[in-house]
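Following: one structure in structure tokens, then a few remarks.
The values are calculated or read from the model by the stated rules, or taken from the named source; none is laboratory data. In this text the structure is predicted, and so the values were computed from the model without any measurement. Because the Cβ atoms are built from the backbone with ideal geometry, glycine has one as well, and the counts that use them run over all protein chains shown. Only protein heavy atoms, including side chains, enter the accessible area calculation; ligands, DNA and RNA are left aside. Shrake-Rupley method; radii C 1.70, N 1.55, O 1.52, S 1.80 Å.
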Amino acid sequence: MIRLKLNPLTESATLLRRAGVVLGSVGLTALYSLLILLRALFGKLNRPIVDKYCREWSAALLRLVRANLTVRGAVPDFGDGRRYIVMCTHASHYDIPVSFVSLPGSIRMLAKKELFSIPLLGQAMRAAEFPSIDRSNRTRAVRDLERARAMMESGIVLWAAPEGTRSGDGKLLPFKKGCFHLALDTEAVIVPVAIRGIHEVLPARTWQINLGQPVDVRVGTPFETAGKTKEDLPEVMAEVRQRLEDLLGNGEAE
């Protein structure tokens, strides 16, 4: 079990502090996006640098809200040559920073295509090898899938939220099929990760920020999809859902 304590005091942020968190978060995101783009422009960008920037950016964001992290469970060796997809609960904008800080390896979020249209951030995500799969366009989807598979084979660990949108109370929402299709298409190992308490930091669809919240990251047993077919999709989805439900429950995931 790993504890990453930033500040144990829990409190609701004042309006001024909330403004500071928002402005600080935007500034940090712009800064690290610019660093990535400048390195890419001069041919100095590589995967270890992106990994470093992602973790520095994430740690800085979490310090702004004084998150108190605990990581439980056996984290897989992402460097063993297999393809991996982390399937994580999604109850906050802070799920991604928490995952970057808590997990090793070259983690990249499977991003919505809309994020790539955001100035500076979108270009930085492309340069940093953040993939997106547009299934509304078959030709584009095939090309995106091939790129994602190649990235995974080269050592990138994809991060995906099967719920697709943020849960307001920390409980699992219905799953979407996209990341499960990707897992089956690439015969990836699915690593279930549940983040407990994260919905209290910044509740979905609100501007309420709670400082010093305890956040419990629970890493579950990896699930192999090798040999599974499209006919197995409902079974795979049900199994991953059950594992995430168990991780969100009262039992310890040691």
So the check is Cβ under 6 Å with 6+ separation or different chains; which pairs have a first residue in segment 160-172 that's on the phi > 0 side of the Ramachandran plot and a second one that's in a loop (DSSP other than H, G, I, E, B) and surrounded by fewer than 20 Cβ atoms within 10 Å (Cβ to Cβ)?
G164/K176
Can you tell me which condition T225 does not meet? The list is (1) open to solvent by 40 Å² or more (accessible area, probe 1.4 Å); (2) out of contact with any Ser or Thr (no Cβ under 7 Å at 6 or more places or on another chain), and all the others hold.
(1)
Go through segment 173-211 and give me each residue that's among the aromatic types (F, W, Y) and either farther than 27 Å from I133 by Cα or free of Cβ contacts under 8 Å to residues at least 12 places away in the same chain (or both).
W207
So the helices (runs of 4 or more DSSP H) completely within segment 40-140 holding 1 or more residues that are touching a residue at least 60 places away in the same chain (Cβ under 8 Å), crowded, with 20+ Cβ neighbours inside 10 Å and in contact with a Gly (Cβ under 6 Å, 6 or more places away or on another chain) are none
Output the qualifying pairs, or none if there are none: Cβ atoms under 6 angstrom, residues six or more apart or on different chains, first residue in segment 235-248 and more than 15 Å from R218 (Cβ to Cβ), second residue buried (at least 19 other Cβ atoms within 10 Å of the Cβ).
V236/F180; M237/F180
How many residues, within segment 1-55, are modelled with pLDDT of 90 or more, of a type in the set (A, V, I, L, M, F, W, C) and more than 25 Å from V71 (Cα to Cα)?
15
Filtered residues of segment 207-222 (kept if within 30 Å of E11 (Cβ to Cβ) and surrounded by 14 or more Cβ atoms within 10 Å (Cβ to Cβ)):
I209, N210, L211, G212, Q213, P214, V215, D216, V217, R218, V219
Subset of segment 190-221 [assigned to a loop (DSSP other than H, G, I, E, B), modelled with pLDDT under 95, touching a strand residue (DSSP E or B) at 6+ places or on another chain (Cβ under 9 Å) and not polar (S, T, N, Q)]:
G197, V201, L202, P203, I209, G212
